[in-house]
Amino acid sequence: MTASTRIACRVLLPIVALLAAPVARAQRENGSSVAWGLNQYGQCYGPPPNHNFVAIAARFAHTLALRTDGAIVAWGRNSDGESNPPPGGPNTGFVALAAGNAHSLGLKADGSIVPWGLNYSGQCNVPAPNTDFQEIGAGGGHSLGIKSDGSLVAWGWNDYAQCNVPTPNTGFVAVSGGLAHSLALRADGSVVAWGDNLSGQCNVPAPNSGFVAVAAGDFFSLGLKADGLIVGWGDNDDHQCEVPPPNTGFIAVAAGAYHSLGLKADGSIVAWGWTDHGQCDVPVPNTGFVAVAGGGYHSLGLRAFSGDLNCDGKINFDDIDPFVALLRVGPQPAPQYEPQR
C-alpha cells in the first residue's frame with residue numbers, strides 16, 4: 001500500500017438505534033456506495049445517481065459521499081441540518097469529508113474547512129485561521145483538523161478533554177474522533193489517544209509503532225499496522241476489538257458505534273462486533289470494494305471506480321487515487337509544447 005493510498009484511505013475515513021429492519025443496498029455502478037444495517041433515517045439509501053463517488057464517511061445516522069467533481073452528497077438523519085451541505089457556499093472544491101454525530105465537515109482544496117449541522121458545543125466553529133488544513137476528523141460533538149505543518153487543532157465538546165491535544169503537537173498525519181475521545185497517527189507510526197478513557201480506549205497497546213491508519217468507535221479504538229494487521233482496544237462488550245482470523249491483508253479500517261470493519265487487499269470487507277441491525281452482514285458479492293466506513297448502526301463500502309484503471313492487475317484504492325489527487329490539486333493546465341523547428 002503506497003503512502004498516497006494510506007492518506008487517501010484515512011479521509012474516507014463512524015454513529016441511534018430504534019427498531020427497524022436491517023437493509024442492504026448494493027448497486028454496482030462505477031464508484032457506487034453500498035450500505036447495510038439500520039436504515040431508520042434513510043442513511044442506507046443515497047439519492048441517485050449512485051456513482052462517481054471517491055470517498056465516503058458516516059456516523060450516528062447520516063452518510064456523506066464525495067463525488068469526482070468535488071461535490072458532497074449527504075443523506076440520512078437531518079434533524080440538525082447535518083445532511084444539508086454546504087451552508088452559504090458552493091458545493092464544489094471539496095477533497096475530504098468527516099461525519100460527527102449530528103454535524104459534518106468538508107475539507108476544501110484551498111485548505112479551509114466547511115462545517116454544518118448541530119453547533120451546540122461549537123463543533124462547527126473552526127478556529128481561526130481556517131487555512132492550511134490537510135486532514136479532518138469528527139467525533140460525537142467535536143471536530144479535528146491537521147495542518148500542513150503536522151500540528152492538530154481540535155474544537156467543540158470538550159467535557160472529557162477530547163479537544164486538549166497532547167504535547168508535542170507535531171508530526172500528525174491522520175486523525176479520528178470517537179464519541180468523547182480522539183485518536184491521531186504520527187508520521188513515525190505511533191498513535192496518540194486522549195479524552196474519555198473509561199473503557200481503556202486511550203490505552204494504545206504496545207508496541208505503539210508501525211501503525212498506518214486509525215479509527216475511533218464510541219468507546220473503543222482501532223489501529224491498522226503496516227503489515228496488514230488490525231489492533232483493537234477499549235470497550236469489547238460486543239467483541240468489536242476481536243478481529244476475526246485471519247487478521248492479515250487489511251488495507252483500511254473503520255469503526256461504528258459498537259462494530260468494526262476492515263477492508264482487505266483483495267477488495268472484500270470483514271465486519272465484526274454488534275450486529276443486531278445487520279451492520280456486520282456485508283452484502284454479496286463481497287468483492288470490488290476500495291473503501292469502508294462505519295456509521296452508528298450502519299456500514300458503508302465504496303466499490304471500485306471502474307475496475308483496474310491503473311493496469312496493475314489489482315482492483316483497489318490505487319485505481320481511484322488519481323481522482324483524489326486531482327481533487328486536491330485542482331485541474332492542471334494543458335501542457336504547452338514548443339513548435340518544432
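General remarks:
- Qualifying residue in the range 195-205 (condition: at pLDDT 95 or above and not in a loop (DSSP other than H, G, I, E, B)): yes
- The set of residues in the range 226-249 being under 20 Å from LEU185 (Cβ atoms), in contact with a Phe, Trp or Tyr (Cβ under 9 Å, 6 or more places away or on another chain) and surrounded by fewer than 19 Cβ atoms within 10 Å (Cβ to Cβ) consists of ALA226, GLY228, LEU229.
- Selection within the range 193-210 - crowded, with 22+ Cβ neighbours inside 10 Å and of a type in the set (A, V, I, L, M, F, W, C): ALA193, CYS202
- VAL290 being at pLDDT 95 or above, touching an Asp or Glu at 6+ places or on another chain (Cβ under 9 Å) and under 24 Å from ALA226 (Cβ atoms): yes
- Selection status of TYR45, among the hydroxyl-bearing types (Ser, Thr, Tyr), closer than 25 Å to VAL95 by Cα and either part of a loop (DSSP other than H, G, I, E, B) or modelled with pLDDT of 95 or more (or both): yes
- Residue count for the range 252-281 satisfying the condition of being part of a loop (DSSP other than H, G, I, E, B) and under 20 Å from LEU229 (Cα atoms): 7.
- Residue count for the range 102-124, restricted to those that are over 25 Å from ALA187 (Cα atoms) and out of contact with any strand residue (DSSP E or B) (no Cβ under 6 Å at 6 or more places or on another chain): 2
- Only listed residue being assigned to a loop (DSSP other than H, G, I, E, B), of a type in the set (S, T, N, Q), touching a Pro at 6+ places or on another chain (Cβ under 9 Å) and surrounded by fewer than 21 Cβ atoms within 10 Å (Cβ to Cβ), chosen from ASN78, ASN84, ASN91: ASN91
The values are calculated or read from the model by the stated rules, or taken from the named source; none is laboratory data. Keep in mind it's a predicted model, so treat the numbers as computed, not measured. With ideal geometry, Cβ positions are generated from the backbone for all residues, glycine too; neighbour counts draw on all protein chains shown.
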